[in-house]
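Notes follow the structure.
The values are calculated or read from the model by the stated rules, or taken from the named source; none is laboratory data. The shown structure was predicted, so the numbers you read here are calculated from the model rather than taken from an experiment. Cβ atoms come from the backbone with ideal geometry, glycine included; neighbour counts cover every protein chain shown. Accessible surface areas use protein heavy atoms only, side chains included; no ligands, DNA or RNA. Shrake-Rupley method; radii C 1.70, N 1.55, O 1.52, S 1.80 Å.
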Amino acid sequence: MTLAERLTRLRYNRVPDHLLGEILAKNWTDNLVPFAFLIVVVATFGTLLPGFFSTASVIDTTRQLGEFLIVVIGLTVVIIGGGIDLSVGSIFALSAFSTLMTIYVGGASPGVALAAALGSGALFGAFNGFLVGYLRLRAFLTTLVTLIIGRSLYDILITTWGTRLQSSPIFNDSFDAIGMNSVAGLPISAWIAVAFTILAHLMMSRSRMGWHFTAVGGARRSAYNVGIDVRRAVFLTYVISGVSSGLAGYLFAARLSGVGPGTGWGLELSALTAAVVGGNSLGGGRGSIPKGLMGALAVLLTTNGLIRMGAGTGTSQMVVGLMLAAAIILDVRWLKNRHKVLSEVYVAPLHHAMQPAVSAQPGSGTSYALNDALASAEPIALGTVEGPEDVILDADDNLYAGTRHGEIVRWFAPDYTRSEVFSHIGGFPLGLAMDRAGQIVTCVGAMGLYGVSKAGEVTELATETRRSLLSVVDDARLRDPNDCDIGPDGRIWFTDSTTRYDAHDWALDSIESRPTGRLLVHDPKTGKTRTVLKKLRYANGVCLSHDGQSLLIAESWACTVHRYWIAGPKEGQLETVIRDMPGYPDNINRASDGTYWMAWLGMRTPSFDLALRHPAMRRRMTRNLPQDEWLFPNINTGGVVKFDDTGRIIATMGDLGGAAHPMVTSIREHKGWLYIGGILNNRIGRIRLPGADPDWTSWESYWGARP
Amino acid sequence: MTTTQRLRPRATQEGIVLLMALLLFAGFTVTLDGFLSAANLLNIVRSVSVLGVLAAGMAIVVIGRGIDLSMISIMVVTVAIQLQVMHGGWSTGAAMALAVAIALGLGAMNGYMVAYAGVSALFATLASGAFIFGFVRSQILRQDSITLPDDATTLLALGSARVLGLPLDVLAFAFVVVLGWAALRWTRQGRFLYLMGDNFQAARTTGIPVRPLIVVSFMASAVLAWAAGLTSAISLQSVNTRIVNSTLLYDVILVVVIGGIGLSGGKGGMRNVVVGAFLIGVLLNGMTILNLPNIHQNLIRSVILLAAIILDGQLNPRDEQTSQQGDI
Amino acid sequence: MKTSIKASLKTGLLAAACTMAGTLALTAQEAAFDNPGPEAYANALEGRRVVLIPMTMGFDLAQGWNYFIGEEVRQFGGIWETRDPNWSVDAGAQAITDLIASADKPDVIIVQSPDLNSYSRLYRRAQEAGIFVIQLDNPSNYASDVFAGSNWQTLGELETQAVIDHCGEDSSKKIGVIQGDQVNSSSVDQWAGVQAVLERNPGWTVAGTGDSNWDPTTARNVAATILQQNPDICGIVDFWDATAQGTAAAVRDAGLQDQVFIATTGSGETIDCKLLENGTFGAVVMSELPRQSQDTVAAIKLLLQSGAAPGDASMYLYTAERARTAADLTPTTCWDQAAIEARAAD
C-alpha cells in the first residue's frame, strides 16, 4: 500500500463520518434549529447584559417563565392536534380575575381559588373545544372570536368588580407565598411549571391520548378512519389549553396579586411565536413539548432581555419578528432539505482493500471456474413468483419460498405446478429454516425473526436485541435480518446484515463497505435474543456445520466465509474458512455428502474492487451522480459453490448467459435435486445432482431420521 | 338546475350575514330615531370605509388561499414614513411615491416568503408584520403619532373635498370595490387567482404562474393597506402607529370571513366584503346611538359573529373525510 | 378644601426646592463660609440611579419626562435610565421586577401606572428592596412614596367647566363625551369629573357618549354618530388630545366647527397650542409637563436627602392645572418636542 493510500485509509476508516448522517437521521434533530436559536439568544443576552446569569435575575426570569411556559405548552398541544387557540390571553385574564375574586371578594383559600382558576380555564377551553371539535368550526376564526368575547367579558367584569377587588381588606399570606416564595432556590411557580411540562411531555409522548392528538393533527382523515374519536380528541386539546391558561392566570394573579385591563393582552401572539420558534408545525402532527419549552425560553429571554437593555419602542417587535421569520424559514428549509442533506451525507464510504481473487473465468482451470450448469435448470413457478430469496422443502417434498408480496407460498409435490399462499407475513421473508417440529423459521426483511407453524400460523420470535452503548443508530432494531439456522439445542442463529441501511438499500451498504453486520442468537426457551458477533461486512448466509459444533457465516462484501464455534473446545472462537473469493457469498446450506452449498449473489469486478480503495471517489459518486450511474457490485452473474469443512472448493456452477439464474441467493439440496432461489428472480430452478443421495433431506440431516 | 333548487337557494354564509344585517337594519330603523336619515346612512358607510378598503386587500390574498396579517403594520408604516418625510420637506408627490414603493416592496417581500421560501402565509406575515412595524418604529419614527404637515395643502384639501356629497374615504372604498371586482372578474390574473385558491396543485400543473401570482396578490394587499392608511390619515389629519396594537386586524379578517370568503381560498369576491362591512357598520352605528359602552359593543358584536360562524358551520358542515390537513 | 391642601403641600415642597436653590446661589458667592449644603447635596445625590418606566416611551409625555427629569438627574450627577414597555402591562411588570432583582438596584423608580392594580404588589416589593417609588401621572391603589401629576377627576371637571363656560346658559345645554374605555382610571375618573360638574350645573346634560378605545378613528365614528343624532350639541369633551383629533374630524365633516366646542386634555406639547390656535380645539387642559417634571425632580431630591426609608411616608404632588384656550396662549405655553430632541441630539 502506498503512503497516499495509507493516509486515505487513515482518513476514511478512522474519522467517523457516518455519525453525522446517523445523527441527522434522528427525529430529535428536528429540535436542532430551535435549540440553536435558544443558544444564540442566551449567548447574546448573556454577553450584552451584565448579571444576566446572576441568581436573582435567573429566579425572576423563571418566575415569569413559569406562567408563559404553561400557556405555550397548552397552545403546543392544540397545535400538535392540528388546531390553534388564539383565546389563550383572554382565558389567562379571566382565570386571573376569578382567582382574585375568590380570594379577595369571596375570602376563600388559595386551593379554592386554584379550583376556580382551573375551572374557568377548563370551561372556556371546553367552549372552544365544543365549537371546534364537535361543531367542527374553523379553529383560527372561532378562537379569534372567542378571544374577543373573552376579552370583552373580562373588561366588563373588571369594570364592575375592579373597585371591590382593589379595596378589599383581605390579606392572604399563603396566597402571597405562592407568588413570592421559593423552594430550594426556585420560585414555586417555576416548580409548578416544571412539573406541568414533564407531565405534558409524558402525556404527549407516552400516553394513548397524546398519540391520538398527534395522529389527529398529522392526518385527520386517517385518524378518523382508524377509529380514533377525532372530535373528542380535538375537544380535549382545547380543554387542555384552557386549563393551562387557567393555571398560568392563577400564578400570574399570585405573583402580582392584581389585574388590570391590560392583563394577558397580546399573549396569543407571543405564545404563538414561542410555539413556532420552537419548531412546532402549524397544521399539526409535528411538534413536541420540548419544542414548546425551547420556544418559550427563547422568546421570553429575548423580550425580557430587550426590556432590561432599555431598548426603544418597537425594538422588541422587530427582534421577535425577525426571530420568527428566521425560525420559520429555517424550519421550512430544514423540512424540505433534510431528506436531501441526509441522503448526501449519510453514505460515508470506507477504504477497503480487497485482495486479488482467484479467477472464476470459464475455462481458466481454477476451482472457481464457472460453467453453464444452472442455465439448464428446470423452472418452477416461472413468471408467477417474485423474489424467492430462499427455498425450503418439507417432509412431504412440498416446496416453500418467501415472496416480495410478503407471503410464504407453498408449491405442492411432486410437480410443483399447484401452489397456495401458505402464510401471509406482511414483510419480505428471506432466509428460511425448519425446526424439529417442522415449523418454518424465517428472517423477515426489516421486521425480525418469525416462526410459521405447519398450519401456517405466524408467531413473532425476535424483533430486537440489546442496544449497544455507543451506537447512534438504534441497533436494538433488527434492520436487515437475512438468514437463519437452528442449532441442535433449538437455538436459532441468524444474521442481521447491516444496521445502517434498510434491506432495499443493500447497494448503498456495499458502496459504503462499512462492517456493521451482526450474528445474533435467539433462544426460544427463554425468548431472549442477544448479539453474538458484530462488525461483519454484510453478514449473510449462516449454516450449522454437519457436526453441529460450529456455524459457517458468509460475509458478503468481504467475500469471506467464517466459522464460528458454538460448542466444543473452541466455543466462542471465530476463524476464517474461505477468503478472497471471486464472488459475493449469500446463503449457505448443507449438502448430502457432508459438504456445503453456497450461493453467490454476484461476482467481483476489478473496477469495483478498485473503487473500494477510493472512498472519496465513491462519496463523490453517491453525491453527484444519479443512482443509475453508480458503480455497483456486479449482480448480473452469480453462481453456486460447493465447499467442504476445510474450505476447499469442490465445484462451481453458473449460468453464463444469465437467462435463468443470473443472481443466486440460495440453494437447497433435497432428495437428489438442488433447488435454486434468487431474490430478483421470477422462478425457482432445480437441477438434478448426479450421484447425490436420492433420499437425503436437509431436515433429516439436522434432526435425524423420521420415526 | 331544477326549479326547486332555484326557488330554495342554498343558504350561504353571505346570505345569512346579509339577512342578519338587514334584520338589524330594519330593527334599528324602527326603534332608533334618526337611524334612517341620509346623514346617518353616510355615517354607517363611512365608519367602515377604511375597514372595507383593508378588507378588500385581505380578500384578494385570502381568495388566493393566503392571509396577510401584516396589513395593519404596512398601513401604519407606509403612511407614517410618508408624513415624516413630508415634515422633512419632501413634496407630497415624492413622499407618496416613496410610500407606494415601500408598500410594494413590503408586499413583494411577503409574497416572496410565501411563494418562494415556502413559508405558510400565516407565519410569514405574522413575522413580517411584527418586524416591519418594530423596525420602522424603533429605527425611523420618533413617536407614536405623526400629524399631517400644515403645508400639505393638497392632502388637507382632499380631506374636506366632497364628490356627490360623499367624503374621500367612502369614495375610496367604492373605488376599491369596483376596481377589485373588475380585476377579479375580468382579468386573466383575477380568474387565475380563484383557480389557484381553489386547487393550488391543479393550477400549478396547468401552467399558471402561481408564484408570481402570490407575490402580486400580496403586493396588492400592501398597496391597499397604504391607501386605507392614507385616507384615514387625511381624514384625521394624523396617523397613530399605536393602532397596530388594536383589534383592527381581527376586524378586517372578520369582515372578510363573515362576508363569506372562506379562508381555504377560491371563494367569494368584493360583494362579500361589502356585505361583511355592512353588517359591522350597522351594528356599530346602532349600538353607538344606543350609547352602549365599547366593552358591551365588543361583546355583542363578537357574539353575533360567533352566531354567524356557527350557523355557517351547520349549513355547510365540514367532515373528517374532506377536511385537509393544515386547514385551520 | 381638598385642593387647597394639595396646593399647600405642593407649595411647601416647591418652597423647599427653591430654598435649596437659593442656598446654592449663596454658596457660590460666599465661598469663604463653610457651607455644608453643596457637599451634603452632592453626597446624597451623586451616583444615584433613577429609572423611568412610563407606559411607553413612544408618546409626547414620556419624551417630555425623559428630557425634563433626565436633564436634572444627570446634572446632579445621577444615573438616568428609561425602560420601554410599549403599552404592555406585562412588559412593564417585567421591567420593574428586573430592576428590583438587578445587582445594581436603582435608588428611585418613576412609574406611570397602566391601571389601578397591576403594579401594586411590585411597588411594595420595590420599597422593601430599598427603592423609592414615585408614581407619575397615573394613580394606582397603592400609596407609594410620592405621587406626582394630574388628578384625573380634576381634569374631567376642568374640561367640562370649559365647555359650559364657553357655551353659556343660552345654549342647548347639551354636551357630548368621548370617553376612553370606561375601564382605566384615566377614563373612569374623568367621567366622574364630568358628572361632578354636571351636578353643580343643573340643566346641563350629556346628550350622547361613546368610547374611543383610545383610537382616533373610533373617536371620529362615535363623534359622527353623536353629532348626527344630536345636531344641537354645543360642546364635546374628549378625554385625550390624540383621539380629540378624530372627534374634531367628525365635527369638521359635519360642518359644525363654529358651533361645537371641543375640550380635551393634553401634555401641552406644541401640537396642542397649534390646534388651539387654529380653532380645532376649544380648550385643552394641559398636564403642564415641565412643572409636573419639576415636581418629580424635587421629590427625587427630597427623598434621597431625607434619610427616610422607602415606604415611610406617602405624599401627593398634584400639579396645578387649568383649561387653556386660544385666548391665553403665549409663546411659552407649550413645550416643543422637536426642540427637545434637537437639544438631546447635540
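How many percent of the accessible area of the stretch C:159-285 is carbon or sulfur, using a 1.4 Å probe?
47
How big is the convex hull of the Cα atoms of the stretch A:229-282, per residue, in Å³?
99
Counting alpha carbon pairs within less than 8 Å and at least 6 residues apart, what relative contact order, in whole percent, applies to chain A?
Normalised by residue count, the contact order of chain A is 12 percent.
When the Debye formula is applied to the Cα atoms of chain A, each taken as the same point scatterer, what base-10 log of I(q)/I(0) results at q = 0.08, 0.09 Å⁻¹?
Those come out to -0.76, -0.86, one per q.
I need the fraction of alpha carbon pairs in the stretch A:227-368 separated by more than 22 Å, rounded to a whole percent.
In whole percent, the long-distance tail amounts to 62.
Once Rh for chain C is found with the Kirkwood sum over Cα pairs, what is the Stokes-Einstein diffusion coefficient at 4 °C and 1.567 mPa s, in µm²/s?
61
Placing one identical point scatterer on every Cα of the stretch A:113-157 and ignoring solvent, what is log10 I(q)/I(0) from the Debye formula at q = 0.18, 0.20, 0.25 Å⁻¹?
-0.57, -0.68, -0.91
Here is the link list: A:LYS26/A:LYS340; A:LYS570/A:LYS642; A:LYS528/A:LYS570; A:LYS26/A:LYS534. Which ones come out longer than 19 Å on Cα distance?
A:LYS570/A:LYS642; A:LYS528/A:LYS570; A:LYS26/A:LYS534
In Å and on Cα atoms, what radius of gyration and Dmax does the stretch B:44-137 show?
That works out to 14.3, 42 Å for Rg and Dmax.
List every residue whose amide H lies under 5 Å from the amide H of C:ILE79, counting only residues 5 or more places away in sequence or on a different chain, with H placed 1.01 Å from N in the peptide plane.
C:GLY47, C:ARG48, C:ARG49, C:VAL50
Considering only C:THR160, C:GLN195, C:GLY176, whose Cα is most displaced toward the positive end of the charge dipole of the stretch C:152-286, charges sitting on Cβ of Lys, Arg (+1) and Asp, Glu (-1)?
Going by the Cα projections, it comes out as C:GLY176.
Would you work out the relative contact order for chain C, in percent, from Cα pairs under 8 angstrom that are 6 or more residues apart?
18
Which residues of the stretch C:240-279 end up with at least 40 Å² less accessible area in the presence of all protein chains than when their chain stands alone, using a 1.4 Å probe?
C:GLN245, C:ARG252, C:ASP253, C:LYS274
Name the residues of the stretch B:288-315 whose accessible area falls by at least 50 Å² when all protein chains are present instead of the chain alone, probe 1.4 Å?
By number: B:THR288, B:ASN291, B:ASN294, B:ILE295, B:LEU299, B:SER302, B:LEU306, B:ILE309.
Using a 1.4 angstrom probe, figure out how much accessible area the stretch B:12-313 has per residue, in square angstrom, rounded to the nearest whole.
Result: 36 Å² of accessible area for each residue.
What total accessible area, in Å², is buried where chains A and C meet, using a 1.4 Å probe and rounding to the nearest 100?
It comes to approximately 2500 Å² buried between A and C.
Tell me, what does the Kirkwood hydrodynamic radius of the stretch C:201-280 come to in angstroms if you use every pair of distinct C-alpha atoms?
About 12.7 Å, per the Kirkwood formula over Cα pairs.
Taking a probe of 1.4 Å and counting only protein heavy atoms, give the total accessible area buried between chains C and B in Å², rounded to the nearest 100.
Counting both chains, the buried surface is close to 2800 Å².
Sorted by packing (mean other beta-carbon atoms within 10 Å per residue), highest first, where do C:156-165, A:199-208, A:240-249 land?
A:240-249, C:156-165, A:199-208
Please give the average number of partner chain Cβ atoms lying within 10 Å of the Cβ of each residue in B:241-247, rounded to a whole number.
6
Using every alpha carbon pair in the stretch C:64-103, what percent of pairs falls into each 5 Å bin from 0 up to the bin containing the largest distance?
P(r) over the stretch C:64-103, rounded to whole percents: 6, 21, 20, 19, 23, 10, 1.
Starting at 0 and stepping by 10 Å, how many percent of the alpha carbon pairs of the protein assembly as shown end up in each bin?
Calculated P(r), rounded to whole percents: 1, 8, 14, 16, 15, 12, 9, 8, 7, 5, 3, 1, 0, 0.
Once you sort the root eigenvalues of the Cα gyration tensor of the stretch A:348-417 as a ≥ b ≥ c, which label holds: rounded (a/c under 1.5), prolate (a/b larger than b/c) or oblate (the other case)?
Oblate, since a/c reaches 1.5 and b/c is not below a/b.
With heavy atoms of protein chains only and a 1.4 Å probe, what residues of the stretch C:87-102 have at least 10 Å² less accessible area in the full set of chains than alone?
Relative to the lone chain, where solvent access is computed with a 1.4 Å probe, the stretch C:87-102 loses at least 10 Å² at C:TRP87, C:VAL89, C:ASP90, C:ALA91, C:ALA93, C:GLN94, C:ALA95, C:THR97, C:ASP98, C:ALA101.
Taking 1 over the mean of 1/r across every pair of different Cα atoms in the stretch C:152-286, what Kirkwood radius in Å do you get?
14.0
Across peptide C:163-171, how many C-beta atoms of other chains are within 10 Å of each residue C-beta, on average?
If you average over the peptide's residues, the count of other-chain Cβ atoms is 0.
Any chance you could get the radius of gyration and Dmax over the Cα atoms of the stretch B:177-258, in Å?
16.0, 49
What figure, in Å² to the nearest 10, do you get for the accessible area of A:ASP415 with a 1.4 Å probe and non-protein molecules left out?
Its heavy atoms expose roughly 90 Å² to the probe.
Which cross-chain or sequence-distant (5 or more) residues have an amide H under 5 Å from the amide H of C:PHE59, H modelled 1.01 Å from N in plane?
Under 5 Å from the amide H of C:PHE59: B:ASP144.
At a 1.4 Å probe, what is the % contribution of carbon and sulfur to the accessible area of the stretch B:178-286?
The C+S portion of the solvent-accessible surface of the stretch B:178-286 is 63 percent.
Amide H to amide H, which residues 5 or more places from C:ILE236 or on other chains are under 5 Å from it, using H placed in the peptide plane?
Here the answer is C:GLY176, C:PHE261, C:ILE262, C:ALA263, since their amide H atoms fall under 5 Å of that of C:ILE236.
Show me the three semi-axes of the equivalent ellipsoid for the stretch A:96-171, from the C-alpha gyration tensor (sqrt of 5 times each eigenvalue), largest first, rounded to whole Å.
In descending order, the three semi-axes are 29, 15, 6 Å.
Roughly what percent of Cα-Cα pairs across the stretch C:43-137 reach past 24 Å?
Cα-Cα pairs in the stretch C:43-137 separated by more than 24 Å: 15 percent.
If I model the stretch A:664-707 as equal point scatterers sitting on the Cα atoms and use the Debye formula, what is log10 I(q)/I(0) at q = 0.33 Å⁻¹?
After summing over all Cα pairs, the log10 values are -1.08.
Find how many whole Å separate the alpha carbon centroid of the stretch C:125-194 from the alpha carbon centroid of the stretch A:313-365.
Measuring centre to centre over Cα atoms gives 65 Å.
At 1.4 Å probe size, with the rest of the protein present, what percent of the exposed accessible area of the stretch A:311-413 is carbon and sulfur atoms?
57
Please compute, for peptide A:218-226, the average count of beta-carbon atoms on other protein chains lying within 10 Å of each residue's beta-carbon.
Across the residues of A:218-226, the mean count of other-chain Cβ atoms within 10 Å is 3.
Compute the accessible area per residue over chain A, keeping the other protein chains in place, probe 1.4 Å, unit Å².
Value returned for chain A: 38 Å² of accessible area per residue.
Taking the alpha carbon gyration tensor of the stretch B:233-281, what are the square roots of 5 times its eigenvalues, largest first, to the nearest whole Å?
Semi-axes, largest first: 25, 13, 9 Å.
Give the Cα extents of the stretch A:289-339 along the principal axes, in whole Å, largest first.
The Cα atoms of the stretch A:289-339 stretch 43, 21, 10 Å along their principal axes.
Which whole-percent values make up P(r) of the stretch B:12-313 when all C-alpha to C-alpha distances are grouped in 10 Å steps starting at zero?
Values per bin, smallest distances first: 6, 27, 34, 24, 8, 1.
Could you pull the Rg and Dmax for the stretch A:533-606, using just the Cα atoms, both in Å?
12.2, 40
Against the globular-protein guess of 2.2 N^0.38 Å, express the Cα radius of gyration of the stretch A:483-575 as a ratio, rounded to two decimals.
This ratio for the stretch A:483-575 stands at 1.07.
With a 1.4 Å probe on protein heavy atoms only, work out how much accessible surface B and A bury together, total over both chains, in Å² to the nearest 100.
In total, chains B and A hide about 4700 Å² from solvent.
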